[in-house]
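The values are calculated or read from the model by the stated rules, or taken from the named source; none is laboratory data. This one's a predicted model, so the numbers in the text were calculated from it and none came from an experiment. Ideal geometry is used to build each Cβ from the backbone, glycine not excepted, and the neighbour counts take in all protein chains shown.
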C-alpha cells in the first residue's frame, strides 16, 4: 500500500510538471473563461440579488483555513502531533516529512507563479474586491497554480492520515472523507467564483497538493501501525 501511494503521489507531481508546461503554452484558455463565467452565473442566479454579496463573503471565509498564514500554523501543529509518540514518550522524526513536503508544495507554487506566467482573471471578474482587510484587494498578475486548492487538499490528506485512520470507527470514515472532500471542493469552487483563479489553476493545485499529500500519507502510514 505504501509503495502504491508513493507511486501515485510521484505521478501526480510529474503530472503537475507536465500540466504546468501545457498551461505555459496557453492550454485551456477558452475552457478557463467559459468555466469561470458558468460558475459565477450559476451561483449568482441561484441566489437573490440582495444576498449575492453575502455569498461572496461566505465563500471568502471558506478559504480561511487554506490561507498561507493559517496553513503554516496547521502544518506545524500536524507535524508536532505526528512527531510525538505518547506511548513511548519519544520524538518520531519521520513526522518532519509533513513540513518538508509542505515546503515542496510552496516551492511548486512559487515555480508556477514565477515561471509559468499564467495571467490571472481580469479585475472585472473579481467578486468582493475589497473586504475588511486591505490584503484582500486582490488582482495578482499571475494565478497558476492555486495555492489555496493545493494547501486545502494537502492538509485534508495529512489530517486524514493522522486522525481518521487512527481514531475513527470504520462506519464514520466515509463520512469524514466526504467532509474533507467537500471542503476541498468548496475552497476550489470559491476561488473560481470569487474571480481569483481559473479552472486550470485549481487543477494544477490539486495535482501539486495531492501529490505531496499522498507521499506524506505513505510516509505517515508507518506511524499508524
Q) Would the stretch 143-161 turn up any residue that is in a helix (DSSP H, G or I), at pLDDT below 90 and within 28 Å of residue 29 (Cβ to Cβ)? A) no
Q: For residues that are in contact with a helix residue (DSSP H, G or I) (Cβ under 6 Å, 6 or more places away or on another chain) and not in a helix (DSSP H, G or I), tally how many sit in the stretch 59-113.
A: 3
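State the number of residues belonging to the stretch 15-32 that are assigned to a helix (DSSP H, G or I), surrounded by fewer than 17 Cβ atoms within 10 Å (Cβ to Cβ) and touching a residue at least 60 places away in the same chain (Cβ under 8 Å).
Of the residues in that region, 2 qualify.
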Q) Looking at 60, 69, which one is touching a residue at least 24 places away in the same chain (Cβ under 8 Å) and under 19 Å from residue 188 (Cα atoms)? A) 60
Q) If residue 88 satisfies every condition in (1) under 30 Å from residue 217 (Cβ atoms); (2) surrounded by fewer than 12 Cβ atoms within 10 Å (Cβ to Cβ); (3) at pLDDT 85 or above but one, which is the exception? A) (3)
Q: Identify the single condition in (1) touching a helix residue (DSSP H, G or I) at 6+ places or on another chain (Cβ under 9 Å); (2) surrounded by 12 or more Cβ atoms within 10 Å (Cβ to Cβ) that residue 38 does not satisfy, given that it satisfies every other one.
A: (1)
